[in-house]
Amino acid sequence: MIVADKNLELVTLTERQRKARRNRSVAIGVALAALVIIFYVATIVKFGHNASGLTPTNLM
Amino acid sequence: MALADHKLMEEVGFRMSEATAGDFFALLKPRVMSLVVFTAFVGLVAAPVAVNPLLAMIAILAIAIGAGASGALNMWYDADIDAVMTRTAGRPVPAGRVTPGEALSFGLVLSVLSVMTLGVLVNWLSAALLAFTIFFYAVVYTMWLKRWTPQNIVIGGAAGAIPPVIGWAAVTGSVSLESLILFLIIFLWTPPHFWALALFKSDDYARAGIPMMPNVAGPASTRRQIFAYALILAPVGVLPWVLGYTTAAYGAVSAVLGAGFVWYAWKVLGMADDDRAMKPAKALFGYSLLYLFAIFAAYLVDSIVGRALLTGGA
């Protein structure tokens, strides 16, 4: 187990920095979730018909 | 509490960021992006091929993000001159809310992401055009032309004019004369639009050392060139009807809008050298925004209605 050095000087975020970081984190989360949805749905729309043709026979 | 050595951070010049998501959104130049989205959408809808609405939405989103990415790269590179111009001093980088490194990383990541998304999910011609647009705006215009020649916005205007061509290419997988005419309308619109702004913001540009036309060739020459571009733009705006791409309704609307543009440019031409208020230049700047929006809106409506009439009559 790694234990943090108690003598190490740590950075304490100001209230403004903490709020900004939380704001950025939420935005990154939303953007990544949107990207997943976009690629998932677009794949179904674009390759849906082809994907259904991937039967075991076709794959061999 | 972050696990980081405070002294080490100070030594390398690191500071904890206070940038919010809104600051990063501002890096995308949302107002420019809205124009890009609209003109790309018109190109996409005007194309004579049916497209899946979802893929169309993805195409528009990717084009918007790509345009925004080039805006972020522009703000990264131009932070020094943005800081001394009243119009741009409040932007996130010169205001200190976003570091130059953050802006650069943001612009590069979004550039790659938008181009790859468009390529993988739509087609590679539109992706290549988007990549070229980002390169042209960020490198050719921002890093080279802008600080070197008064023709900066004339040549650089090509980057802002490509979106309808990308929209068209996203649907058809090709570039056509019709989409190139939409390009030409924006391309010819750009110089009088920006030179009208440069006339009443010439002090700003002079302070930043940017060789805009009024600072290099003088206000009188700029006014003449604005009028000349207006005279060329007005008939080009009507060209889609002349070539049979639209109905006469678009032809009439574009002719009236073009006549209005020439009228406002004529007023600028007659402006006195000692006119400090420069109301005609401000009026032309405002009208030019209305002109571009209105002519593309007319094109959009004409495309939709024209196609509906064709389908109904068939």
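Name the single residue, out of those in segment B:75-118 being surrounded by fewer than 15 Cβ atoms within 10 Å (Cβ to Cβ) and hydroxyl-bearing (Ser, Thr, Tyr), that is modelled with the lowest pLDDT. Ranking the qualifying residues of segment B:75-118, first place goes to B:THR86.
Here are some residues: B:GLY43, B:GLY68. Which one is at pLDDT 95 or above and within 13 Å of chain A (Cβ to nearest Cβ)? Quick ask: steps written out before the conclusion?
Working: B:GLY43 fails: within 13 Å of chain A (Cβ to nearest Cβ).
Criteria check complete, one pass: B:GLY68.
Selection of segment B:142-167 for residues being assigned to a helix (DSSP H, G or I), touching a residue at least 40 places away in the same chain (Cβ under 8 Å) and over 12 Å from the mean Cα position of the chain (by Cα) yields B:THR142, B:MET143, B:ASN152, B:VAL165, B:ILE166, B:GLY167.
Does any residue of segment B:275-298 turn out to be in a loop (DSSP other than H, G, I, E, B) and among the β-branched types (Val, Ile, Thr)? Walk me through it before giving the result.
Taking segment B:275-298 as the starting set, the residues that turn out to be in a loop (DSSP other than H, G, I, E, B) are B:275-278.
Applying the additional criterion that residues be among the β-branched types (Val, Ile, Thr) yields none.
No: segment B:275-298 contains no residue that is in a loop (DSSP other than H, G, I, E, B) and among the β-branched types (Val, Ile, Thr).
Residues in segment B:119-171 that are surrounded by fewer than 19 Cβ atoms within 10 Å (Cβ to Cβ), small (Gly, Ala, Ser) and either within 14 Å of chain A (Cβ to nearest Cβ) or under 29 Å from A:PHE47 (Cα atoms) (or both): B:GLY119, B:ALA128. The listed residues are B:LEU257, B:LEU184, B:LEU239, and the only one of them that is in a helix (DSSP H, G or I), over 19 Å from B:TYR287 (Cα atoms) and not β-branched (Val, Ile, Thr) turns out to be B:LEU239.
Summed over segment B:18-40, residues that are within 11 Å of chain A (Cβ to nearest Cβ) and either part of a loop (DSSP other than H, G, I, E, B) or buried (at least 19 other Cβ atoms within 10 Å of the Cβ) (or both) total 5.
The values are calculated or read from the model by the stated rules, or taken from the named source; none is laboratory data. Because the structure is predicted, anything quoted here is derived from the model rather than measured. Methodologically, a virtual Cβ is constructed for each residue, glycine included, from the backbone with ideal geometry; neighbour enumeration extends over all protein chains shown.
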